[in-house]
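Report on the following structure.
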């Protein structure tokens, strides 16, 4: 059931054993001290050969193979394997998959196989096998040795050797001295690549020997490549490359990008295009062929003997290719004829041998005659083969003579080019001398022109300086005027605030005085009631069956009896009822304090102290209720005043109520109607509910909710939360760090003083931060958003929003400005002075970029607006509105 193995055979001696094979799952096998042949089979296996010359096969799975000491042969098989040859001259094959192969000490042969493999030969001279289509990384962590990368035999097919460079360090010692493309391959190239994140290359191949390599090709980004000491064919490919040929007669092409090309020593051919910036031919006779110079500026060139068009180079290449093809064809034909003659000679020789064997066997005249004929045919074939060989030799001689003639022609061409270069050099000297004269003449004209420009510039600077002084003087006057206005505004606000405080203080004194008078009146009435009850106690027996008593009328001259509601079928008929509830527990009709004449339930108030309940009015209606307990107004009552400093609640009815809080923390809630709710001291919660209500928080940290209707709310002092709710509301925060929210409808929301958070909500709102460092949010709809004074963060939300900015507002930030949505910035031209009568187009010069690339409209005097996420280069006059 479980084929998981963990076998250690290091102390076991195997005799007459051909191999060790693991199970189908993940095995861990350690071999003996001798020669082992271990096959891990399926699974993710860990195989350790130990000492001796071992053969390890990982087979399927992601395997970990260690050869240990000795000359080992490791094959990873399929999967992503790790191979470590250890010490000794090892042969390591990764197989299919992305393998990591470490050669270790010794002269190792590393073959990654299929996949993207990492090969590190380690110490000594190692051989890396490159395959067509591989993207292997060749490393060499060991010191010493000469490493070789050799392409596998592709049987005349193309093969690319792709070298990848690890960018963990800025400079890599690749340790590779020989790259062999294999003579059997048709076309072999060395492709230099970086890792996937960065293809920037810096390859120095000056110490590398290239064999059977047709070209060196750079990556897609900006490469720096130095060729070998021999003849190189280098293609920089894409990117801004720096290419150096090194020694030898090189052919260098920069490819796309602005390249710098250095031919160095040797007679080099350099192919350039209009995007290249610099070419240095170096020593030798160097020729530059330019692909195109259409719409180009210039290419700086030094040490170049001749410049031509690419068409000349391509024609020469084509002609050389045709000549080489003709020579190759002649040589191939001679080789074919030689092969045919050799085949004929072999056939005739076999015939001669057969005739000789037969004649030797019986000695008859017929056999001897056949032997003679065969001998003659063989000699003829031999002669023919010799002639064909001589013809092939002659063809080779002719080819060699053609090569010599070609070299002589090239040398003659170089001499002609050298003479041409000398002539061109003389012409260039004359041209430069003429240009120098023209340059001196132009410099003199430019000097005179510069002097005139400097004179005009000085005059213009003086004029601008005068205008600037006048402008600053006007701005200073306007600033002082604005400061004076602000000072007067602040003084007026302070005066109104003092008056408001005095008014509130007078009202509070008046209220307390009224409460004291009411308390004294209550005590007086209580004393009279006590006296009356004492008198009634004496006559109690006589009054027990009486249903009517006589009572004095306050408004009428006549006297009448009053019927007491002793049963549920009876009602009180007096126009006025006065009741005082003091320290005792009294039973009154129902638990709701109301003036409903049809309600005969029991009201129970059982709390000692100074609680009072007045019912004033006519026809069973309550006009004003003063309460020291939580209370809800019944029908007919208009005003509710909460007394004392207890934390009690007051609720209105469906009429138009006026409800005043006390010195404690109250919950005040209106019903229908157009109500006026005043919270007074304490941290209060006030709810307007239905109707157009007026709500004031006054002192304390209050929470005000307008709910339905078009409400007017003012938080007063303290850190308040004011919410308009539904309807078109007016919401003000007052003093302190307030949170004001309009809600649904087209609201007017203001933070007032303090560092406030102001939000319009749904609808087309007007939101204003007031003084302080505020967060101002328009919300849905087309809103008017103003930060006010201080450092404010503004957000319009969805819709076409208008951001208002005035002189003295300070530094503001708009976090979601979108010209595509129709957003605009409105500036008060009169307040800014220099904008008055101006054109918004002229303001574009004031739009700059900050360090984060955001557009900044700098209006001077510390006033600026930053548009977060908006590019200054896209600024438009359509963004700005002057009013």
Within region 264-304, considering residues that are at positive phi and either modelled with pLDDT of 80 or more or touching a strand residue (DSSP E or B) at 6+ places or on another chain (Cβ under 7 Å) (or both), the one surrounded by the fewest Cβ atoms within 10 Å (Cβ to Cβ): 303
Being modelled with pLDDT of 85 or more, in a helix (DSSP H, G or I) and within 53 Å of the chain's Cα centre (by Cα): is that true of residue 475 here? yes
Looking at (1) outside any strand (DSSP E or B); (2) at pLDDT 90 or above, find the lone condition where residue 713 falls short. (1)
So residue 227 ticks every box in (1) crowded, with 21+ Cβ neighbours inside 10 Å; (2) at pLDDT 85 or above but one. Which box is left unticked? (2)
Residue under evaluation residue 652, criteria (1) farther than 17 Å from residue 504 by Cα; (2) surrounded by fewer than 18 Cβ atoms within 10 Å (Cβ to Cβ), criterion not met: (2)
Among the residues of region 480-502, are any surrounded by 11 or more Cβ atoms within 10 Å (Cβ to Cβ) and over 30 Å from residue 788 (Cα atoms)? no
Has region 727-738 got at least one residue that is farther than 16 Å from residue 768 by Cβ, touching a strand residue (DSSP E or B) at 6+ places or on another chain (Cβ under 7 Å) and either part of a loop (DSSP other than H, G, I, E, B) or touching a residue at least 60 places away in the same chain (Cβ under 8 Å) (or both)? no
Filter pass, residue 772 being assigned to a loop (DSSP other than H, G, I, E, B), surrounded by 24 or more Cβ atoms within 10 Å (Cβ to Cβ) and either without any contact (Cβ under 8 Å) to a residue 60 or more places away in the chain or outside the structural domain of residue 815 (by TED's automatic domain parsing) (or both): no
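Residue-wise test of (1) assigned to a strand (DSSP E or B); (2) surrounded by fewer than 20 Cβ atoms within 10 Å (Cβ to Cβ); (3) out of contact with any helix residue (DSSP H, G or I) (no Cβ under 7 Å at 6 or more places or on another chain).
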position	(1), (2), (3)
789	no, yes, yes
793	yes, yes, yes
809	no, no, yes
812	yes, no, yes
816	no, yes, yes
822	no, yes, yes
853	no, yes, yes
864	yes, yes, yes
873	no, yes, yes
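The values are calculated or read from the model by the stated rules, or taken from the named source; none is laboratory data. If you're wondering where the values come from, they're calculated on a predicted model, not measured in any experiment. Methodologically, a virtual Cβ is constructed for each residue, glycine included, from the backbone with ideal geometry; neighbour enumeration extends over all protein chains shown.
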